Each structure stands twice: as C-alpha cells, then as structure tokens.
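Input: a single structure, listed below in structure tokens.
The values are calculated or read from the model by the stated rules, or taken from the named source; none is laboratory data. Keep in mind that what you see is a predicted model, and the values were worked out from it rather than measured. Cβ coordinates were reconstructed from backbone atoms using ideal geometry, including for glycine residues, and neighbour counts include every protein chain displayed. Surface accessibility is based on the protein's heavy atoms, side chains included, excluding ligands, DNA and RNA. Shrake-Rupley method; radii C 1.70, N 1.55, O 1.52, S 1.80 Å.
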Amino acid sequence: MKQGLFTAILIAITYAVSLSFYVWMGTTSPDSMFHAVYKGGPVVSVLMALILMVIAYIVERIIALNKASGKGNIAEFVKSLKSDVDNGQIDSAISKCDDHQSSLAAVMRAVFERYKMLSIHSVTDREKKISEMEKAVEEATIMEMPLLEKNLVAISTIASISTMVGLLGTTMGMIRAFTAMATSGAPDAVQLSLGISEALFNTALGIFGGIIGIVTYNIFTHKVDAFTYVIDEAAFYIIQTLGSAKSE
C-alpha cells in the first residue's frame, strides 16, 4: 500500500473513531469523567484522532523495526559473519544472511555478492576491491534506510500539530471564558466554567499527544542510529578483511 493512501485511510479511520467516541461521551452521565472531557469542545475529537494516529504509527514502527532486526541476536550474527570471513567461507556467510533476514543481513549480503563478482572477474587490486564493496554497502543501505525511517517524519509532525491544536482549543476555551466574564451584570458562571474546562482539557490532550510523539520519535531515531552504527562497524571490518584476501 502506498504511503499516501495509507495515511489518508488512517486519518479517516482515526477521526471516525474519535468522533464517534466524542459523541458517545456527550451521552454519558454529567458527573462522569467522559462527560467532563466532552465539555472540552469539538477540538477534543481532533486531538483524540491525532493521539490514535501516533499510536498506530508507533505500532507500525515497532513491527517494522523488529522485522529489520531479523531472526536471532544481531551481535551473534555479526560475530558469525566475521568468523566466516576470517575462514574464507563466503558462501556460508551468504547463507547466514539469507537465514537472518535483517537489514544488516541485506547489506552484508550485498558486500559478499560484490566480492564474489570481483573474484570471478579476477580483480586483485586491493583499493579497487574495497571501493567496489563500499559502493555495494552504500547502495544496499540506501535501499534499507527508507524502511527503517518510514513514518518517523509523520510521528514528529503529529507531535507538533497536536501541541498546536491543543493550543487552538485552549484559546477557544479562554475566549468562551472571557466572553462569560464580559456579560453585563453578574458573570455567566456556567459559561465561565465551560470555557475554563474546554481550555484545560484541550491543553492536557495537546500536551499528552505532543509528549507521546516526541518521546517515541526520539526512541525510534535512536534505534535507527544504532542499526546504522552496527552496519557501518560490521561492513568496515568485513570490507577491510575481504579487501586483503586473495581472490578465489
């Protein structure tokens, strides 16, 4: 499914769910917390939709990054690849990459395939071999990084939008509160309380959505950086070792 279509469907579903929940809250007991949130006004439904979108993206990223980690421990996988390279067992290393099915394995497999191609063409110049294998790493990494970084921009954007929408709801609530205070004679206590409630609930939901988005964005960014570091570290060792090895 294309990213744009996925986002459009997600927006439609999350807003439909949040709007339905918002309408339901309006039918609850006036003394319940749900009804109190309902008094936050229609902006509450938008904020709930944004929070649901963040949660959906979080679940998608967790699944995608777990898949990118492959099968088995990455440290042990890298150690086994280094052992195969040291022993000149390139076919065994390729087989392990196929079995591991991780982003790291995809990059390492590209390196081994490029090395075998160089061996077939009897390329013996060390610098040329290293250069070609580094190109293989770059090409494979370019293919893998979009999968690792997918939807991170969306999470970051929603975190910012959530805060701004919460501020919009807060402003609308304060307008209602000050309008009630500006009434000639005694202030309208009901409208004043509604305005304050609207401002506070929108502020709380906006900040909550922003916190979730920012924290998870930083966590996922850290995980992607960790993946990149492992790829670079493993690729450097393997390329240097293969570059010094005699062609088969």
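Brief remarks on what is shown
- Calculated on the alpha-carbon coordinates, the convex hull of the chain measures out at 137 cubic angstrom per residue.
- Shape parameters for the range 17-84, alpha-carbon atoms, Rg then Dmax in Å: 22.0, 69
- Mean accessible surface per residue for the chain, computed with a 1.4 Å probe while every protein chain stays in place, in Å²: 54 Å²
- Entries of LYS67/LYS150; LYS82/LYS129; LYS82/LYS150; LYS96/LYS150; LYS116/LYS223; LYS96/LYS129 with Cα pairs more than 24 Å apart: LYS82/LYS150; LYS96/LYS150; LYS116/LYS223
- With Cα atoms, 0 to 90° folded angle of helix 103-120 axis to the chain main axis: 20 degrees
- Degrees separating the helix 189-244 axis from the principal Cα axis of the chain, which is the longest one: 0 degrees
- Cα lying deepest toward the dipole's positive end in the range 32-169, options SER102, PRO42, VAL165, charges on Cβ: PRO42
- Surface composition of the range 1-103: carbon plus sulfur atoms hold 66% of the accessible area, using a 1.4 angstrom probe and ignoring ligands, DNA and RNA.
- Here the range 81-98 and the range 127-169 have alpha carbon centers that stand 29 Å from each other.
- Value of [θ]222 nm, deg cm²/dmol, for the chain, DSSP H segments ≥ 4, -39500 (n - 2.57) each, nearest 500: -29500 deg cm²/dmol
- Theoretical gain in end-to-end length, PHE236 to ILE196 [0.36 nm per residue, Cα-Cα removed]: 8.4 nm
- Gain on full stretching of the segment that runs from VAL123 to ILE9 - 0.36 nm per residue minus C-alpha separation: 35.9 nm
- Rounded to the nearest 20 debye, the dipole magnitude of the chain is 300 debye, with +1 charges on Lys and Arg beta carbons, -1 on Asp and Glu beta carbons, and the Cα centre as origin.
- Sequence-separation-based contact order of the range 1-74, relative, with Cα cut under 8 Å and 6+ spacing, percent: 30 percent
- Between 0 and 90 degrees, the angle of helix 152-181 with respect to the longest Cα principal axis of the chain falls at about 10 degrees.
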